[in-house]
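The structure under discussion appears below in the form of structure tokens.
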Amino acid sequence: MKKRIERKEERIEAIRAAATRCRGIYSAVAREQGWGRAYVCSVMAGRNSSENVLKALEEKLNLDTGATSAPQS
């Protein structure tokens with residue numbers, strides 16, 4: 001359980017680092033997925049937990065942080 005939490009924190013840090021170079025990414029993902037920007041920001045701040053938000057941000061930023069997802073063809 002502890003390792004899973006650490007991996008999630010590492011993913012969030014990687015997304016934050018990449019998002020600093022891509023202005024408006026949280027709003028763009030929220031708009032595309034039908035979520036509120038405040039919800040996406042709360043996930044990134046650690047107040048909420050959502051694998052879907054992390055995955056959507058990773059895909060938008062083209063990150064490979066080791067998330068378990070099937071390769072797309």
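Look at region 56-71 and say how many of its residues are modelled with pLDDT of 85 or more, of a type outside the set (A, V, I, L, M, F, W, C) and either assigned to a loop (DSSP other than H, G, I, E, B) or crowded, with 16+ Cβ neighbours inside 10 Å (or both).
Of the residues in that region, 3 qualify.
Just one of Ala30, Ala38 is hydrophobic (A, V, I, L, M, F, W, C), modelled with pLDDT of 85 or more and open to solvent by 70 Å² or more (accessible area, probe 1.4 Å); which is it?
Answer to the check: Ala38.
Taking interchain pairs and intrachain pairs at least six residues apart, which have beta carbon atoms under 6 angstrom, with the first residue in region 1-16 and free of Cβ contacts under 8 Å to residues at least 12 places away in the same chain and the second assigned to a helix (DSSP H, G or I) and surrounded by fewer than 12 Cβ atoms within 10 Å (Cβ to Cβ)?
none
Might you let me know whether region 4-13 holds any residue that is surrounded by 10 or more Cβ atoms within 10 Å (Cβ to Cβ), within 9 Å of the chain's Cα centre (by Cα), part of a helix (DSSP H, G or I) and at pLDDT below 95?
Taking every residue of region 4-13 in turn, at least one turns out to be surrounded by 10 or more Cβ atoms within 10 Å (Cβ to Cβ), within 9 Å of the chain's Cα centre (by Cα), part of a helix (DSSP H, G or I) and at pLDDT below 95.
The values are calculated or read from the model by the stated rules, or taken from the named source; none is laboratory data. Bear in mind that the values here come from a model prediction, so they are computed numbers and not experimental data. When we count neighbours, we look across all protein chains shown, and the Cβ atoms used for this are built from the backbone with ideal geometry, even at glycine. Quick note on the areas: whole protein, heavy atoms, side chains included, nothing else; ligands and nucleic acids left out. Shrake-Rupley method; radii C 1.70, N 1.55, O 1.52, S 1.80 Å.
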